[in-house]
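Have a look at the structure below, then the notes.
The values are calculated or read from the model by the stated rules, or taken from the named source; none is laboratory data. Because the structure is a prediction, the values reported are computed rather than measured. Quick reminder, even Gly has a Cβ in these numbers, built from the backbone with ideal geometry, and neighbours come from all protein chains shown.
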Amino acid sequence: MQAIVLAAGESSRFWPLNQRHKSLFKIIGKPLICYLIDGLKKTGLKEVIIVQSPKKDIEEELKNSQYRDLRYVVQKRPLGTGDALLAAEKFIKDNFFVLNSERVDCQDYLKLILEKSKAILLSAPTKTPWLFGNLKIKGDKVLDIIEKPKKNIFSNFKNVGFYFLPKEFFNYLKKIPVHPYSLIKAFSKYAKQKELKTVKIQKEPLSLKYPWHLFEINEYLLKKIKTKIKGKIERNCQISGPVIVEKGSLLKSGTYIEGPVYIGKNCEIGPNCFIRKFSNIGNNCIIGNGVEIKNSIIGDNSKIPHLNYVGDSIIGENCNLGAGTILANFRFDGKTIKALVKGEKVDTRRQKFGAVLGNNVKVGVNASLMPGVLIGSGCIIGPGETVFENLKDNTKFYRQRY
């Protein structure tokens, strides 16, 4: 059995973390796409074909790893998932799976589909059917599908983006003009002429469209860990729940960790800091005196050394927070937090959400970042500043006196 993994997108809605493809973002020390590959192979799929962009960043990341038996193809231009699928056609022998590269939970659903013998797409209920591929269903049979309908909504079931298809499906796809929604249009045509089934799941699966979706993926993966301490722990530290501390890391006196928590290699944690559950700290990080980290993801080589609060936030690689920096995560009115993405206000559906920082961000002492702000890579935020709005890459945000 074969699987095509789609990893050629530009990840534009994943800004400011999209310097590389979003599936290369690391959780518990390895890229998200590796969890997908592991899940496929554990279910018995031995041949994995990855469709990547001309940057070939997926191939570059994995070439010296244990994942050397992968096959790569390039989608030359970002012309949608249908075009990406066609790029892999020449390698397909028989029935095959198609799924997105960040699908870390694929193992949860593969067996549901493997039991079937027809063309299958996975579907899930949604409260916002107009935002997705919307399905017209009778029993388990798909009658039609339309992408992001503005009216005449078929049902409250959405297309998840997880498929099991016969090789003949390519014949339908090739007849559809190149379009961002050509794959959905091909499914619509196929459903009217052949038998297209759906497997309905009751819980919406994990996805990775916006940066804050990483919180759900991070929680899903951290819930699976067991305590493993390879680093050193000084006296008067307290660990509660499952915690991984990798080789070369040091937990200094007074540190309190409430698992599940992951701490990468060669980190310095403490003294007297509080790491709360579902925090993921990369390699070579410093989390210093009087710092509290809550449900946050910290990239490699980042430093949060003095009296900081980081709540429900994502910090990229090589960042530095000055003493007293606060990443606030809650609105006074208790409403869900909205973030500005590509000029549009998007409801994150989260009551607790701090900031997202790209790589190489420097923040001065006593600065405050308000809930939902996105800070581009290479930004410099001056001391004492309060940031209420997004900052584009390489912005210098401070008063004129500096």
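Being within 27 Å of G378 (Cβ to Cβ), touching a Pro at 6+ places or on another chain (Cβ under 8 Å) and surrounded by fewer than 24 Cβ atoms within 10 Å (Cβ to Cβ) narrows it down to one of G311, G259, G288, so name that one.
Details: G311 fails: touching a Pro at 6+ places or on another chain (Cβ under 8 Å); G259 fails: within 27 Å of G378 (Cβ to Cβ).
None of the other options fit; the residue is G288.
Evaluate the following for I113: is it touching a Ser or Thr at 6+ places or on another chain (Cβ under 8 Å), part of a helix (DSSP H, G or I) and among the aliphatic types (A, V, I, L, M)?
Working: touching a Ser or Thr at 6+ places or on another chain (Cβ under 8 Å): no; part of a helix (DSSP H, G or I): yes; among the aliphatic types (A, V, I, L, M): yes.
Criteria not met by I113.
Looking at Y163, Y172, which one is part of a helix (DSSP H, G or I) and in contact with a Phe, Trp or Tyr (Cβ under 9 Å, 6 or more places away or on another chain)? Can you show your working first?
Values: Y163 fails: part of a helix (DSSP H, G or I).
Step by step, each of Y163, Y172 is checked, and only Y172 is part of a helix (DSSP H, G or I) and in contact with a Phe, Trp or Tyr (Cβ under 9 Å, 6 or more places away or on another chain).
Looking at this structure, is D105 among the acidic types (D, E), under 17 Å from K46 (Cα atoms) and assigned to a loop (DSSP other than H, G, I, E, B)?
Working: among the acidic types (D, E): yes; under 17 Å from K46 (Cα atoms): no; assigned to a loop (DSSP other than H, G, I, E, B): yes.
No: the conditions fail for D105.
State which residue pairs qualify: first residue in the same structural domain as F274 (by TED's automatic domain parsing) and closer than 12 Å to C273 by Cβ and inside region 296-318, second residue surrounded by fewer than 24 Cβ atoms within 10 Å (Cβ to Cβ) and not β-branched (V, I, T) in any location, beta carbons under 6 Å apart, and separation of 6 or more residues or different chains.
P305/G288; H306/G288; H306/A323; L307/G290; L307/A323; L307/G324; Y309/E292
From the list L85, L122, L99, which residue is touching a strand residue (DSSP E or B) at 6+ places or on another chain (Cβ under 9 Å) and outside any strand (DSSP E or B)? If you could, list the steps in order and put the result at the bottom.
Details: L122 fails: outside any strand (DSSP E or B); L99 fails: outside any strand (DSSP E or B).
Testing whether each residue is touching a strand residue (DSSP E or B) at 6+ places or on another chain (Cβ under 9 Å) and outside any strand (DSSP E or B) leaves just L85.
Under 7 Å between Cβ atoms, which residue pairs at least 6 apart in sequence (or on different chains) link something in region 13-25 that is more than 15 Å from I315 (Cβ to Cβ) with a partner that is among the acidic types (D, E)?
Close Cβ pairs satisfying both conditions: R20/D57; H21/D57; K22/E102; S23/E102; L24/D57; L24/E61.
Limited to region 231-272, what total is found for residues that are farther than 21 Å from I27 by Cβ and outside any strand (DSSP E or B)?
Residues in region 231-272 being farther than 21 Å from I27 by Cβ and outside any strand (DSSP E or B): 11 in total.
Just for region 26-62: of the residues that are without any contact (Cβ under 8 Å) to a residue 40 or more places away in the chain and not in a helix (DSSP H, G or I), which one is surrounded by the most Cβ atoms within 10 Å (Cβ to Cβ)?
By that ranking, first place goes to P31.
Does L369 count as at pLDDT 95 or above, over 25 Å from V261 (Cα atoms), in contact with a strand residue (DSSP E or B) (Cβ under 9 Å, 6 or more places away or on another chain) and not assigned by TED's automatic domain parsing to the domain that holds I27?
On the way: at pLDDT 95 or above: yes; over 25 Å from V261 (Cα atoms): no; in contact with a strand residue (DSSP E or B) (Cβ under 9 Å, 6 or more places away or on another chain): yes; not assigned by TED's automatic domain parsing to the domain that holds I27: yes.
Answer is no for this residue.
So for region 136-151 (the condition being under 25 Å from the mean Cα position of the chain (by Cα), within 15 Å of E195 (Cβ to Cβ) and in contact (Cβ under 8 Å) with a residue 40 or more places away in the chain), does at least one residue qualify?
Checking region 136-151: not a single residue is under 25 Å from the mean Cα position of the chain (by Cα), within 15 Å of E195 (Cβ to Cβ) and in contact (Cβ under 8 Å) with a residue 40 or more places away in the chain.
Here's a check for you: in region 146-181, which residue that is over 18 Å from L135 (Cβ atoms) and touching a strand residue (DSSP E or B) at 6+ places or on another chain (Cβ under 8 Å) is surrounded by the fewest Cβ atoms within 10 Å (Cβ to Cβ)?
Top of the filtered list is K167.
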